[in-house]
1. What are the residue pairs meeting all of these: first residue in the stretch 95-107, first residue within 19 Å of Ala82 (Cα to Cα) and modelled with pLDDT under 90, second residue among the charged types (D, E, K, R) and surrounded by 12 or more Cβ atoms within 10 Å (Cβ to Cβ), Cβ atoms under 6 Å, and 6 or more apart or on different chains?
2. With within 25 Å of Asp55 (Cβ to Cβ) and among the charged types (D, E, K, R) as the only criterion, which of Glu86, Glu76, Glu112, Glu116 stands out?
3. Which of the residues spanning the stretch 18-42 are at pLDDT below 95 and of a type in the set (A, V, I, L, M, F, W, C)?
4. Looking at (1) over 20 Å from Ala15 (Cα atoms); (2) surrounded by 14 or more Cβ atoms within 10 Å (Cβ to Cβ); (3) among the small types (Gly, Ala, Ser), which is the only condition Ala53 fails?
5. Restricting to the stretch 91-120, and then to whatever is outside any loop (DSSP other than H, G, I, E, B) and charged (D, E, K, R), can you tell me which residue is surrounded by the fewest Cβ atoms within 10 Å (Cβ to Cβ)?
6. Hey, can you tell me all the residues within the stretch 66-94 that are of a type in the set (Asp, Glu) and either closer than 12 Å to Leu46 by Cβ or modelled with pLDDT of 95 or more (or both)?
7. Being of a type in the set (D, E, K, R), without any contact (Cβ under 8 Å) to a residue 40 or more places away in the chain and not in a strand (DSSP E or B) is the filter; apply it to the stretch 40-74 and report the residue that is nearest to Val99 (Cα to Cα).
8. Restricting the stretch 14-39 to residues that are out of contact with any helix residue (DSSP H, G or I) (no Cβ under 7 Å at 6 or more places or on another chain) and part of a helix (DSSP H, G or I), which is nearest to Asn58 (Cα to Cα)?
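The values are calculated or read from the model by the stated rules, or taken from the named source; none is laboratory data. All values derive from a computational prediction rather than experimental measurement. Cβ placement follows ideal geometry from the backbone for every residue including glycine, while neighbour counts extend to all protein chains displayed.
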Amino acid sequence: MSSTDTQIEGTPVVAPSTTDHPLYEAVVQACRSVYDPEIPVNIYDLGLVYTIAIDAENAVRIDMSLTAPGCPVAGEMPGWVAAAVEPLPGIKQVDVNIVWEPQWGMDMMSDEARLELGFM
């Protein structure tokens, strides 16, 4: 497998998001309110949010990464994300997990983020 493959032995590295859930867009917007303190772009457009899974009881699981393992806010970022999402109407609970696979890269940024950072 090449380094661009998103699967290892048939298992996706990034779990699919629950994009058809009625609360999905509100959770995305809440994630967009959280910024990496070293980069003037929100974590969603940076591509740090890998999965937003919302179950039938409106419990939310967010799998996200950081720009680097040594990120100085690694211990705080999950709490910031949970604090942004938990107040949304209808949300039961929020669990934020830091994952390192796949490793974050600049190719994961949205076009808006690339433009903001001068890469386009």
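1. Matching pairs, first to second residue: none at all.
2. Glu86
3. Ile39, Val41 - these are the residues of the stretch 18-42 that are at pLDDT below 95 and of a type in the set (A, V, I, L, M, F, W, C).
4. Failed condition: (1).
5. Going residue by residue through the stretch 91-120, those that are outside any loop (DSSP other than H, G, I, E, B) are 93-98, 106-108, 111-116.
Restricting the remaining residues to those that are charged (D, E, K, R) gives 95, 107, 111-112, 114, 116.
On the way: Asp95: 12, Asp107: 8, Asp111: 10, Glu112: 13, Arg114: 15, Glu116: 17.
The qualifying residue surrounded by the fewest Cβ atoms within 10 Å (Cβ to Cβ) is Asp107.
6. The one that is of a type in the set (Asp, Glu) and either closer than 12 Å to Leu46 by Cβ or modelled with pLDDT of 95 or more (or both): Glu86.
7. Per the criteria, the residue is Asp55.
8. The selected residue is Tyr24.
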